[in-house]
Amino acid sequence: MRGNVRTSSSNPKPTDIEKGTSSAIDACVDRAFRIPIFLSTTNTVNDVQGQFLNRLVSEIEEALLFPRTLPVSEQYPETVLTNIRRLVFSSYGLLAINFRRFLVEILQSNVGQPPTTTPFWEGSTFSQIEPSMAFQFGIPLLLVREKGTDVNNGIWTGGITPLNIFVDWDSDNQSIDDFFNSVQWREVFANWTAEVRGNYLLRTEPLFSNQH
């Protein structure tokens, strides 16, 4: 008499561990085809600036670039300047966004009268340091500024940097969608991404020689 035999399924259900491993691998693969770039920004943003930053990150990722920033995605056990230099040197491009942070009024000057008595906006100190260090290493730059920020301060002063890597967001009169759909943004961003890919090829392409 033949007994009943219980057989197991040929396609067993994946365990939770296998699922977790698979999702972790998928996340790594998703990043693997993106070229790393340094996103220089501030961690202190208001609601509208936060929406702009989220859209900017989305634009970067859609271009198959991977945004890295201090200290959110990267951090090393060294001083701040060393951390910046390490991240710059391991990236293939830098995009800096200079948001309004402090509304400043000059009350007194060390010599003569103050240059202006009109209040003006200043951004983050690191929006000066990080792009400058990237320029020293020859990293392709793209500078985005919330209009009216640091107009007479450092690298954001007119005439300091080339106009073809500089674009203003008029946050008082221009919606986020209008900015990212503008011809100016799309042209500058396309040129910058092409430079980033060119820099990536130059720094990663193995040396070739037809000499035997």
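The values are calculated or read from the model by the stated rules, or taken from the named source; none is laboratory data. Note that the structure is predicted; figures quoted are calculated from it, not measured. All Cβ positions, glycine included, derive from the backbone under ideal geometry; neighbour counts span all protein chains shown. When the accessible area is computed, the model is the full protein with side chains, heavy atoms only, and any ligands, DNA or RNA have been set aside. Shrake-Rupley method; radii C 1.70, N 1.55, O 1.52, S 1.80 Å.
Overview of values
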item	result
Long-range neighbours under 8 Å by Cβ, at least six apart or interchain, first residue surrounded by fewer than 21 Cβ atoms within 10 Å (Cβ to Cβ) within region 131-150, second acidic (Asp, Glu)	147/168; 147/170; 147/172
Residue 91 within 14 Å of residue 40 (Cα to Cα), touching a residue at least 60 places away in the same chain (Cβ under 8 Å), among the polar types (S, T, N, Q) and open to solvent by less than 50 Å² (accessible area, probe 1.4 Å)	no
Entirely in region 1-93, the helices (runs of 4 or more DSSP H) that have 2 or more residues that are of a type in the set (A, V, I, L, M, F, W, C) and either at pLDDT 70 or above or closer than 30 Å to residue 182 by Cβ (or both)	47-62, 80-89
Test result for residue 129, of a type in the set (A, V, I, L, M, F, W, C), more than 14 Å from the chain's Cα centre (by Cα) and part of a loop (DSSP other than H, G, I, E, B)	no
Selection count, region 103-126, where residues are part of a loop (DSSP other than H, G, I, E, B) and either of a type in the set (Asp, Glu) or buried (at least 18 other Cβ atoms within 10 Å of the Cβ) (or both)	3
Qualifying residue in region 94-102 (condition: open to solvent by 60 Å² or more (accessible area, probe 1.4 Å) and within 18 Å of residue 43 (Cβ to Cβ))	yes
Residue, farthest from residue 140 (Cα to Cα), within region 168-212, restricted to residues that are β-branched (Val, Ile, Thr) and surrounded by 12 or more Cβ atoms within 10 Å (Cβ to Cβ)	176
Residue within region 169-192 that is under 18 Å from the mean Cα position of the chain (by Cα) and at positive phi present	no
Test result for residue 165, under 19 Å from residue 149 (Cα atoms), touching a residue at least 40 places away in the same chain (Cβ under 8 Å) and surrounded by 13 or more Cβ atoms within 10 Å (Cβ to Cβ)	no
